[in-house]
Amino acid sequence: NGRVERQIDPTVYAKHWSETEAGLQKSTAILEHRTLARLLLPALSKVVQKAAYADVSVVEVRTAIALERHFLANKSYPDTLSALVPGLLPAPPVDVIKGGPLHYRRTDDGRYLLYSLGWNGADDGGQRVTVRKGGQRLDDNAGDWGWC
(Lines give C-alpha, C1' and ligand atoms only; values in the text may rest on other atoms or scores of the structure.)
Protein backbone atom coordinates (compact mmCIF):
# COMPACT_ATOMS: atom_id res chain seq x y z
CA ASN A 1 0.00 0.00 0.00
CA GLY A 2 3.05 2.31 -0.07
CA ARG A 3 3.01 3.09 3.65
CA VAL A 4 5.99 2.73 5.94
CA GLU A 5 4.85 0.34 8.67
CA ARG A 6 7.90 0.63 10.93
CA GLN A 7 7.39 2.52 14.17
CA ILE A 8 9.82 3.32 16.96
CA ASP A 9 9.62 4.80 20.41
CA PRO A 10 12.97 6.53 21.11
CA THR A 11 12.56 6.10 24.87
CA VAL A 12 12.15 2.34 24.57
CA TYR A 13 15.04 2.18 22.09
CA ALA A 14 17.33 4.13 24.47
CA LYS A 15 16.52 1.69 27.28
CA HIS A 16 17.23 -1.33 25.09
CA TRP A 17 20.41 0.23 23.72
CA SER A 18 21.69 0.91 27.26
CA GLU A 19 21.08 -2.73 28.17
CA THR A 20 22.80 -3.89 24.97
CA GLU A 21 25.77 -1.61 25.55
CA ALA A 22 26.13 -2.81 29.15
CA GLY A 23 26.07 -6.42 27.96
CA LEU A 24 28.65 -5.72 25.27
CA GLN A 25 30.98 -4.07 27.76
CA LYS A 26 30.91 -7.22 29.89
CA SER A 27 31.70 -9.42 26.90
CA THR A 28 35.21 -10.82 26.82
CA ALA A 29 35.20 -10.56 23.01
CA ILE A 30 34.59 -6.81 23.28
CA LEU A 31 37.24 -6.44 25.97
CA GLU A 32 39.78 -8.05 23.65
CA HIS A 33 38.91 -5.47 20.98
CA ARG A 34 38.29 -2.46 23.23
CA THR A 35 39.73 0.16 20.85
CA LEU A 36 37.64 -1.00 17.93
CA ALA A 37 34.55 -1.23 20.13
CA ARG A 38 35.04 2.34 21.39
CA LEU A 39 35.15 3.53 17.78
CA LEU A 40 32.15 1.57 16.54
CA LEU A 41 29.62 1.55 19.39
CA PRO A 42 28.76 5.27 19.28
CA ALA A 43 28.08 5.07 15.53
CA LEU A 44 26.14 1.83 15.91
CA SER A 45 23.83 3.45 18.46
CA LYS A 46 22.74 5.99 15.80
CA VAL A 47 21.74 3.44 13.16
CA VAL A 48 18.13 3.12 14.31
CA GLN A 49 17.78 6.91 14.66
CA LYS A 50 19.06 7.44 11.10
CA ALA A 51 16.74 4.73 9.76
CA ALA A 52 13.78 6.31 11.57
CA TYR A 53 14.65 9.72 10.09
CA ALA A 54 14.80 8.18 6.61
CA ASP A 55 11.39 6.54 7.12
CA VAL A 56 9.93 9.81 8.39
CA SER A 57 11.27 11.56 5.30
CA VAL A 58 9.53 9.03 3.03
CA VAL A 59 6.20 9.47 4.85
CA GLU A 60 6.52 13.26 4.74
CA VAL A 61 7.43 13.34 1.03
CA ARG A 62 4.45 11.17 0.10
CA THR A 63 2.16 13.30 2.25
CA ALA A 64 3.52 16.58 0.89
CA ILE A 65 2.98 15.38 -2.69
CA ALA A 66 -0.61 14.44 -1.84
CA LEU A 67 -1.11 17.86 -0.20
CA GLU A 68 0.20 19.65 -3.30
CA ARG A 69 -2.02 17.58 -5.58
CA HIS A 70 -4.99 18.46 -3.34
CA PHE A 71 -4.01 22.12 -3.56
CA LEU A 72 -3.83 22.01 -7.37
CA ALA A 73 -7.30 20.48 -7.55
CA ASN A 74 -8.97 22.61 -4.85
CA LYS A 75 -6.90 25.82 -4.61
CA SER A 76 -6.42 25.23 -0.89
CA TYR A 77 -4.92 22.69 1.47
CA PRO A 78 -7.27 20.35 3.35
CA ASP A 79 -8.25 20.91 6.96
CA THR A 80 -7.04 17.43 7.89
CA LEU A 81 -4.87 14.74 6.34
CA SER A 82 -7.82 12.35 6.34
CA ALA A 83 -9.24 14.44 3.48
CA LEU A 84 -6.47 12.97 1.30
CA VAL A 85 -7.83 9.45 1.78
CA PRO A 86 -8.59 7.47 -0.37
CA GLY A 87 -8.14 9.64 -3.44
CA LEU A 88 -4.51 10.71 -2.88
CA LEU A 89 -3.31 8.44 -0.07
CA PRO A 90 -4.41 4.87 0.73
CA ALA A 91 -4.65 5.66 4.47
CA PRO A 92 -3.90 8.58 6.79
CA PRO A 93 -0.12 8.91 7.25
CA VAL A 94 1.34 7.51 10.45
CA ASP A 95 4.21 9.09 12.36
CA VAL A 96 7.14 6.67 12.49
CA ILE A 97 8.01 8.00 15.94
CA LYS A 98 5.59 6.38 18.39
CA GLY A 99 3.08 5.48 15.67
CA GLY A 100 0.49 8.23 16.11
CA PRO A 101 -0.87 10.35 13.29
CA LEU A 102 1.57 12.51 11.35
CA HIS A 103 1.24 16.10 12.58
CA TYR A 104 -0.38 18.60 10.22
CA ARG A 105 -2.07 21.96 10.40
CA ARG A 106 -2.84 24.74 8.02
CA THR A 107 -1.09 28.02 8.71
CA ASP A 108 -2.42 31.57 8.61
CA ASP A 109 -0.47 32.34 5.43
CA GLY A 110 -2.38 29.70 3.45
CA ARG A 111 0.38 27.07 3.63
CA TYR A 112 0.76 24.18 6.08
CA LEU A 113 3.00 22.71 8.76
CA LEU A 114 3.78 19.01 8.44
CA TYR A 115 6.04 17.21 10.89
CA SER A 116 6.91 14.10 12.84
CA LEU A 117 7.88 13.89 16.47
CA GLY A 118 11.65 14.08 16.62
CA TRP A 119 14.03 11.76 18.40
CA ASN A 120 13.09 13.24 21.75
CA GLY A 121 9.62 11.72 21.24
CA ALA A 122 7.88 14.94 22.28
CA ASP A 123 5.61 17.20 20.25
CA ASP A 124 7.58 20.44 19.97
CA GLY A 125 4.93 22.09 17.79
CA GLY A 126 6.93 21.55 14.60
CA GLN A 127 9.98 23.42 15.90
CA ARG A 128 13.30 22.41 14.39
CA VAL A 129 16.37 22.91 16.57
CA THR A 130 19.79 23.87 15.23
CA VAL A 131 23.08 23.26 17.01
CA ARG A 132 25.04 26.10 15.43
CA LYS A 133 24.26 29.77 15.10
CA GLY A 134 22.76 30.62 11.73
CA GLY A 135 20.90 27.33 11.48
CA GLN A 136 23.75 25.51 9.79
CA ARG A 137 22.87 22.05 11.09
CA LEU A 138 19.82 20.48 12.68
CA ASP A 139 20.11 18.88 16.09
CA ASP A 140 19.45 15.15 15.69
CA ASN A 141 18.13 14.78 19.23
CA ALA A 142 15.96 17.86 19.83
CA GLY A 143 12.91 19.34 18.17
CA ASP A 144 10.59 17.84 15.59
CA TRP A 145 11.42 16.45 12.18
CA GLY A 146 9.50 18.72 9.84
CA TRP A 147 8.83 18.95 6.16
CA CYS A 148 10.21 22.16 4.71
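The values are calculated or read from the model by the stated rules, or taken from the named source; none is laboratory data. Computed from a predicted model, the values in this text were never measured in an experiment. So basically every Cβ, Gly included, is an ideal-geometry build from the backbone, and we count neighbours across all protein chains shown. Only protein heavy atoms, including side chains, enter the accessible area calculation; ligands, DNA and RNA are left aside. Shrake-Rupley method; radii C 1.70, N 1.55, O 1.52, S 1.80 Å.
Structural remarks
- Distance between modelled label sites at Asp9 and Ala54, nm, 7 Å Cα→Cβ extension: 2.5
- Residues Ser45 and Thr107, FRET efficiency given R0 of 41 Å [Cβ-Cβ distance, rounded to 0.05]: 0.70
- Note on Lys98: accessible area approximately 100 square angstrom, rounded to 10, probe 1.4 Å, nucleic acids and ligands left out.
- Label-to-label distance, nm, for residues given as Asp140 and Arg128 (7 Å Cα→Cβ offset): 1.7
- Principal semi-axes of the equivalent ellipsoid, √(5λ) from the alpha carbon gyration tensor of the stretch 38-131, are 29, 15, 11 Å from largest down.
- Set of aspartates and glutamates with alpha-carbon distance to Lys98 below 17 Å, sequence-local pairs under 8 removed: Glu5, Asp9, Asp55, Glu60, Asp123, Asp124, Asp140, Asp144
- Largest first, the residues Arg128, Arg69 sort by 1.4 Å accessible area into Arg69, Arg128.
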